[in-house]
Amino acid sequence: MNKATAGSTIATLLVLTATQPLHAAEGPSFDCSKAQADSIEQMICDDSSLAALDLQLVEIYSAAQKEAVNEQPPMLKAEQRGWLSGRNECWKEEDKNACVSNAYRLRIAELQARYRLADMTGVLTYACDNNPANELVVTHFATTPPTLIADYGDSTSLMYQQTSNEGSQYRGRNESIAFNQDEAVVVWGYEATPMHCKSVN
């Protein structure tokens, strides 16, 4: 290779290097230099998988903000602040990493379902306790973990799929649904009497 060719090759490499993005390891969405030692934020800064979950949540949260722009009352920001406080409470847990990871995954799935940022995988209607007017509508979403939003009367509950050997089960704050083929046992409210519901789809 002559000097002219070598010079041209080096110049080309310099141009390509200047124009291609640098693939440096990405940290979380917040400034790690401000994280306190031994804090949950510092743990996230030191763990690439947790940092990736943080970036994913920021992306999903930004998309949710666009969907919630006309939401009344505006709850999203307040809920996110509450979630951050809850995430930081993971310092009390024996397995802090698992606690933080689970907090991120559940929050991401919640936002994807509530603001329809994930694909719907089915909408089913159930008549409960042999009364067609006693209607339960269940919308399933392709999130991780799987979620559903159940509408019953004037109230709504978001539920996450639970690990179970007894069929498909979902649990929310005070509600739960256990599915068995075209039937479901529904508990709607704290210590409420279970309802037996049958699909009408």
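Read-outs: derived from the displayed coordinates by stated rules, not from any lab. Quick caveat, the model's predicted, so the values are computed rather than measured. Cβ: placed from backbone, ideal geometry, glycine included. Neighbour counts: every protein chain shown.
Assorted remarks:
- Using the Cβ-Cβ distance between Thr163 and Ala37 with R0 set to 41 Å, the FRET efficiency works out to roughly 0.70.
- Residue order for Val138, Val200, fewest other beta carbons within 10 angstrom first, comes to Val200, Val138.
- Size-normalised alpha-carbon gyration radius of the chain, reference 2.2 N^0.38 Å: 1.44
- Ser155-Asn97 FRET efficiency (beta carbon distance; Förster radius 35 Å; 0.05 resolution): 0.50
- HN-Hα J in Hz across segment 78-86 - Karplus 6.51, -1.76, 1.60, θ = phi - 60°, x for Gly and Pro: 5, 5, 5, 5, x, 5, 4, 4, x
- Cβ crowding within 10 Å, taken as a proxy for footprinting-reagent exposure, orders Ser85, Ser101 from fewest neighbours to most as Ser85, Ser101.
- Using θ = phi - 60° and Karplus 6.51 cos²θ - 1.76 cosθ + 1.60, couplings along segment 178-185 (whole Hz; Gly, Pro as x): 10, 9, 8, 6, 9, 10, 8, 9
- Ordering of 43-52, 28-37, 126-135 by packing is 43-52, 126-135, 28-37, highest average first (other Cβ atoms within 10 Å, averaged per residue).
- Proximity of backbone amide H atoms, modeled 1.01 Å from N, is registered between Met195 and Val186, Val187, Trp188 at under 5 Å, excluding neighbours fewer than 5 places apart on the same chain.
- Segment 107-201: trypsin sites (Lys or Arg not before Pro) in DSSP loop, at most 16 other beta carbons within 10 Å: Arg116, Arg173
- Modelled this way, with points 7 Å down the Cα-to-C-beta line, the labels at Asn174 and Glu71 are 2.1 nm from one another.
- Projecting label points 7 angstrom from Cα along Cα→Cβ for Ala142 and Arg116 puts them 1.7 nm apart.
- Rounded to whole numbers, the Karplus 3J(HN,Hα) couplings from phi for segment 114-126 are 4, 9, 6, 9, 10, 5, 7, 9, x, 10, 10, 10, 10 Hz, using 6.51 cos²θ - 1.76 cosθ + 1.60 with θ = phi - 60°, and x at Gly and Pro.
- Burial ordering of Thr147, Thr125, fewest other beta-carbon atoms within 10 Å first: Thr125, Thr147
- Computed over segment 120-199, Cα set: Rg, Dmax in Å: 11.5, 34
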